[in-house]
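Worksheet: the structure to be examined is printed underneath.
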Amino acid sequence: MRIDIISVVPALMNSFFEHSICARAAKAGLVEVVFHDLHDFSEKKHKQVDDYPFGGGAGMVMAVEPLSKCIEFLKSEREYNEIIYFSPDGIVLKQGLVNQLSLGENLLFICGHYKGIDERIRERYVTKEISIGDYVLSGGELAAAVTADAIIRLIPGAIGDESSALTDSFQDGLLAPPVYTRPASFDGMDVPEVLLSGHGKKIEEWRHEQAVLRTQTRRPDLLD
């Protein structure tokens, strides 16, 4: 898989993709994440990529020309399964959408800044708009990093035990059950006996019951 990310401050994401699962997946050749500095596509003297909004008002808008030029350049090199813009208007990122995106071969992320991107870019190029929550960030870079991480960890081989990703929260519409590790007794608190029983079927039944209970208690909206 290849993920191209257009940003006005790509350096914000360098550290994120240089560590942990994303870095291991890239080193193994499972994914390639490429950053594109929008300033490189500006023909203005000072590489400006924003301008005042028509009609007045506070803030600036990402200019249409450099963004269009960048997208056209990338599209000339490969076909994208999705061109994604991160926006409060978008559909909320959930596991089902992540699963779907992880099956793609090429994804293009557009990170907005200022008051957003020129509407004509959205109309002409964007195939999907995504929001990671009902709040406003300074730019789309964090949303892009979150989305990329959620996708990359699903690529076969990205994590040591591939079955681990399939038992994460939300994969079956439930939160994950409680987990424990050694020691079996800590400060008067003991691990549930069923987990020490070695009885696979009973353990799976317990985990499912706990997942349902935790979801009912903490995220009943998921059951709806």
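Membrane-span-like helices in the chain (whole DSSP H runs, Cα extent of at least 18 Å along the helix axis, mean Kyte-Doolittle hydropathy of at least -1.0): 64-77.
For K94, the lysines whose Cα falls under 19 Å of its own Cα, not counting residues fewer than eight places away in the same chain, are K128. Size descriptor for the chain, Kirkwood hydrodynamic radius: 20.0 Å (Cα pairs only, one decimal). In plain terms, the residue of L196, L67, L12 with the fewest other Cβ atoms within 10 Å comes first and the most crowded comes last, giving L196, L12, L67. Add +1 for every Lys or Arg and -1 for every Asp or Glu among the other residues with Cβ under 14 Å from the Cβ of A26, and state the total. Local charge sum for A26: 0. Among H113, H39, H46, the ranking by other beta carbons within 10 Å of each residue's beta carbon, starting with the fewest, stands as H46, H39, H113. Net length available on complete extension from D168 to D190 is 5.6 nm, with 0.36 nm assigned per residue and the Cα-Cα distance removed.
Placing +1 on the Cβ of every Lys and Arg and -1 on the Cβ of every Asp and Glu, with no other charges, gives the range 167-223 a dipole of roughly 40 debye about its Cα centre. In this label model, R182 and I91 are separated by 4.5 nm, measuring between points 7 Å along each Cα→Cβ vector. For chymotrypsin sites (Phe, Trp or Tyr not before Pro), the sites in the range 105-141 that DSSP calls loop and that have at most 15 other Cβ atoms within 10 Å are Y135. For the range 65-174, the equivalent ellipsoid derived from the Cα gyration tensor has semi-axes of 27, 17, 11 Å, listed largest first.
Computed from the coordinates by the stated procedures, all read-outs in this text should not be read as laboratory data. Since the model is a prediction, treat every value here as computed from it, not as a measurement. Positions of Cβ are generated from backbone atoms using ideal geometry, with glycine treated the same way; all protein chains shown enter the neighbour counts.
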